[in-house]
1. Could you look at segment 28-133 and say what percent of its accessible area is carbon and sulfur, using a 1.4 Å probe and all protein chains?
2. Run down the lysines and flag those whose C-alpha is under 28 Å from the C-alpha of Lys332, throwing out any fewer than 8 positions away in its chain.
3. Taking the Cα centre of segment 101-215 as the origin and placing charges on Cβ (Lys, Arg +1; Asp, Glu -1), which of Ala107, Trp162, Ala137 is farthest toward the positive end of the dipole?
4. Which of the three applies to the chain, rounded, prolate or oblate, going by the alpha-carbon gyration tensor with a ≥ b ≥ c and a/c under 1.5 meaning rounded?
5. If you count only protein heavy atoms with a 1.4 Å probe, what accessible area per residue comes out for the chain, rounded to a whole Å²?
6. Charges at C-beta only: +1 for Lys and Arg, -1 for Asp and Glu. How large is the resulting dipole of the chain about its Cα centre, in Debye rounded to 20?
7. Of the trypsin sites (Lys or Arg not before Pro) in segment 162-265, which ones lie in a loop per DSSP and count no more than 11 other C-beta atoms within 10 Å?
8. Give the long-range amide H neighbours of Lys77: residues separated by 5 or more places, or on another chain, with amide H under 5 Å away, using H modelled in the peptide plane at 1.01 Å from N.
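The values are calculated or read from the model by the stated rules, or taken from the named source; none is laboratory data. Source: prediction; values computed, not measured. Here the Cβ is made from the backbone with ideal geometry for all residues, glycine too, and neighbour counts use every protein chain on show. Just the protein is used for accessible areas: all its heavy atoms, side chains included, with ligands, DNA and RNA removed. Shrake-Rupley method; radii C 1.70, N 1.55, O 1.52, S 1.80 Å.
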Amino acid sequence: MAVPRTKLERSMSGQSTFLSNMSLPVHGWYRFPAGFSAKWARSVIDKHRESTDRLALLDPFAGVGTTVLSGEDAGVKAYGVEAQPFIQKIAAAKLLWHTDTVAFRDAAQAVVGQASGRSPRRYLYPKLIHGCFGEEALSDLNNLRHTWEEMDDGGPVAKLTWLALVGILRSCSSAGTAPWQYVLPSKTKSKVLAPYDAFNLQVRKMLADMTLWQMTDVRCDANIFLDDARLLNTIADDSVGLVITSPPYANNYDYGDATRLEMSFFGEVTGWGDLHEKARKHLIRSCSQHASIEKLDLNRLLDELVGTTLVGEISSVCDALAEQRLYHGGKKDYHLMVAAYFADMRKAWRSLRRVCASGARACFVVGDSAPYGVYVPTDRWLGELALDAGFRDYSFEKIRDRNVKWKNRKHDVPLKEGFLWVQG
Ligand SMILES: C[S@@+](CC[C@H](N)C(=O)[O-])C[C@H]1O[C@@H](n2cnc3c(N)ncnc32)[C@H](O)[C@@H]1O
């Protein structure tokens, strides 16, 4: 059964990106281009409010917490699950907006006071960091970081102060950022902020947002867990009435890499190997690097899809990708990526079935892809996997065409993005 479209949902194509969140309280504390619009999430919550009367709202691919914060704002019990540890830490810190503002202000001022009194130190950072920051900026950032580390007691104030520092790194970097989040040290920016100015500004913005939200505080249960959407160990059976989410797409975007600048600055990673161990290996396998590093076996992956109506179709697409690979210089393992992606998403739907109460609704923002020009009908295949997991029906609502304009696109297969609605 098709789910009716509302005016707000129809207008989402104009505001579907995270950029519109940057001017919203709390949402804008960290720029995460892979996120979706908080206003849109709120419109879906409002429209399906009866689904959350007794049950929770869940985002199993929570990112920086857009759905959960929108749920809190709407007074709904809201949970998120995020498997990339650094992204989960950012999201969880945003949920601390109700912390005492005076305590946060004093701590942030103390960090600035002590950091600016430290003499410039020798420091050892990965090459990426030296490529992204000028000497002076890095010295200031380094002093802020070490002062923060000395005051870190693991409490909410320390977490908010950490987030303030995380939130300014890109604006203090002279390096450009590719569409979405990859850092490009060779591409320089004209507008670069000085670390202390940026930090003070960020803290002031956070304090203003916290004060605003605390004035209308409708406290409800909200949390973002470090967990895996394929398992949902932190979510109780039959406890969810509404799911709003956007999973990784099978389009080779690497969420392990999305926070490489920030993780490198805080000493959490030093190189590519680290990035896989610390971040990527926990995630849905949606990029070819992931499939290659794990040396996956196609037949084993297809075995994981046995019993679904899709195994033949997925297998044909993977065969076509394995053939195309031979004609392309990069020889990317898209055939393994696609099989692994749908095997993973089958697990995610099964876990969702367990935690969703009967009659629950899910809205997935999804996009299809065409690696090496071979079309992967992600929306339909995800819908079929939802039925395979025991949901009753699905429908797809297109919100925009993709890959129809760019002159230098890699292939000319028309693509789309939209809402996959699932019920049952
Ligand atoms: C499209 S982004 C979601 C963005 C989110 N809607 C927001 O506004 O911030 C997909 C997210 O799924 C996360 N992810 C990937 N694999 C996961 C898994 N197995 N379990 C939970 N989260 C996962 C990624 O790290 C990424 O943050």
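1. 50
2. Lys127, Lys187, Lys278, Lys281, Lys295, Lys347, Lys405, Lys407, Lys410, Lys416
3. Ala137
4. oblate
5. Per residue, the chain has 42 Å² of solvent-accessible surface.
6. I would put it at about 1100 debye.
7. Passing both the DSSP loop test and the Cβ count: Lys191, Arg219.
8. Leu57
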